1. Could you check the range 343-363 and list, in sequence order, the residues that are buried (at least 18 other Cβ atoms within 10 Å of the Cβ), part of a helix (DSSP H, G or I) and touching a Phe, Trp or Tyr at 6+ places or on another chain (Cβ under 7 Å)?
2. For the range 345-362, name all the residues that are farther than 28 Å from K97 by Cβ and in contact with a Leu (Cβ under 8 Å, 6 or more places away or on another chain).
3. State all residues of the range 232-259 that are in contact with a Leu (Cβ under 8 Å, 6 or more places away or on another chain) and part of a helix (DSSP H, G or I); if no residue qualifies, say none.
4. Could you list, in sequence order, the residues of the range 238-247 that are loosely packed, with under 13 Cβ neighbours inside 10 Å and more than 21 Å from G314 (Cβ to Cβ)?
5. Within the range 227-237, can one find any residue that is surrounded by fewer than 16 Cβ atoms within 10 Å (Cβ to Cβ) and among the aliphatic types (A, V, I, L, M)?
6. Need pairs with beta-carbon distance below 6 Å; first residue farther than 11 Å from V275 by Cβ and assigned by TED's automatic domain parsing to the domain that holds S270 and within the range 285-304, second of a type in the set (K, R) and crowded, with 20+ Cβ neighbours inside 10 Å; sequence gap 6+ or separate chains.
7. Just to verify a result, which residue in the range 82-104, among those that are among the hydroxyl-bearing types (S, T, Y) and part of a loop (DSSP other than H, G, I, E, B), is modelled with the lowest pLDDT?
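The values are calculated or read from the model by the stated rules, or taken from the named source; none is laboratory data. A quick note: this is a predicted structure, and the numbers were derived from the prediction, not measured. Every residue, glycine among them, receives a Cβ derived from its backbone with ideal geometry; neighbour counts consider all protein chains shown.
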Amino acid sequence: MRGKWKRIIAGVLIAVMVCSVFAGCQSTNKPANIQEDVALVTFTDSLGRTVEVPEEITRYAVTGPLAQIVLFALAPDEMVAIASEWSVEAEGLIDEKYYTLPVLGQLYGGNGDLNLEELMAADPQVIIDVGESKEDMDEELDSIQNQSGIPVVHISANLKTMSDAYMMLGDLFGKEQEAAELSQYCKSVYSRSEQIAAKIGEDKVSALYCLGDLGCNVICRDSYHSEVIDLLTDNKAVVDNPSAKGIGNEVDFEQILLWDPEVIFFAPNSYYDYVGEDALWQQLQAIQSGNYYEVPFGPYNWMGFPPSVQRYLGMIWMAKVLYPETAEYDLYAEVARYFELFYHTDLTVAQYEELVEKSIEKP
């Protein structure tokens, strides 16, 4: 891990040195990539780091797709690059003008394939990381910031604290009103989901969230990726060491048979299309009764991967599927409202029906 960071920092330093030689950059107390006449303010991030950032941020980059999803809701037009390409499913759901942004890769997770050359070329005023706070993250971000001359801030966020994250981001961008609306939305949806879960109480359905080509990876209870399913169901996937990765824990089919949940959710593009005719899976009560669903995808997986703000869609959808009499809201209206706020698009009924085709009660 340390060796990787030394290579990253060295690469950033070389890029900055090259920029300085050709652009005639001079030493300044301001971050190296910020013009002399740009006013700076002090911002304290979730790690307690004090960072000088432009008073008005007009160009920023993100460290990964989790931050990309969160920031796209608040400041899409100030984003100078994206961490991952938009999926095919995003066509018609995301304005095409955002498809031409350069792709940087990501700092954490995946292959750690952040493209430093593209990052420097995009010339952001600040780099923003959103997500889980990790050990030694402050040292790593400080190193990148000191060597690159680009301010780096971290905003901690999980499913329960996303509303707080938006308030911090509103302060960072000077978009307090817009951020307050997003924050209140997250707080309201989470609170409503908690109330639904509390009303169901011990009668929560038992469930599994299965991933992989054969469906034999599971999102285990008490992992960073299990927040939605843990809140709304009795998640049967209990293991000694829950994986922190979005691919979950691999188990054998005998273990799935032992768990035998009432409901199974399948990740997009996993084994959903085949279980109805698979003799092994037909042994499970969820498959026999038709109580299995594919998680909606568009423009992202509604249950995570990455575990970002789109999981609020997952909460809305899952509560309605499992407890329709308790979740007393119109699912299309709720999903359309989310798309308006977070993707800046008007979702049609036809688009909605395509998104949930495999994800609601079977006829």
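1. Matches in the range 343-363: Y352 only.
2. I360 - this is the single residue of the range 345-362 that is farther than 28 Å from K97 by Cβ and in contact with a Leu (Cβ under 8 Å, 6 or more places away or on another chain).
3. Matches in the range 232-259: L232, F253, I256, L257, W259.
4. Once the filter is applied, which keeps residues that are loosely packed, with under 13 Cβ neighbours inside 10 Å and more than 21 Å from G314 (Cβ to Cβ), the range 238-247 yields D240, N241.
5. Scanning the range 227-237 turns up no residue that is surrounded by fewer than 16 Cβ atoms within 10 Å (Cβ to Cβ) and among the aliphatic types (A, V, I, L, M).
6. Pairs that qualify, where the first residue is farther than 11 Å from V275 by Cβ and assigned by TED's automatic domain parsing to the domain that holds S270 and the partner is of a type in the set (K, R) and crowded, with 20+ Cβ neighbours inside 10 Å, are G304/R311.
7. Only one residue tops the list, namely S87.
Residue-wise test of (1) modelled with pLDDT of 90 or more; (2) of a type in the set (S, T, Y); (3) assigned to a loop (DSSP other than H, G, I, E, B); (4) within 19 Å of the chain's Cα centre (by Cα).
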{"site": "Y108", "(1), (2), (3), (4)": "no, yes, yes, yes"}
{"site": "Q147", "(1), (2), (3), (4)": "no, no, no, no"}
{"site": "I150", "(1), (2), (3), (4)": "yes, no, yes, no"}
{"site": "S163", "(1), (2), (3), (4)": "yes, yes, no, yes"}
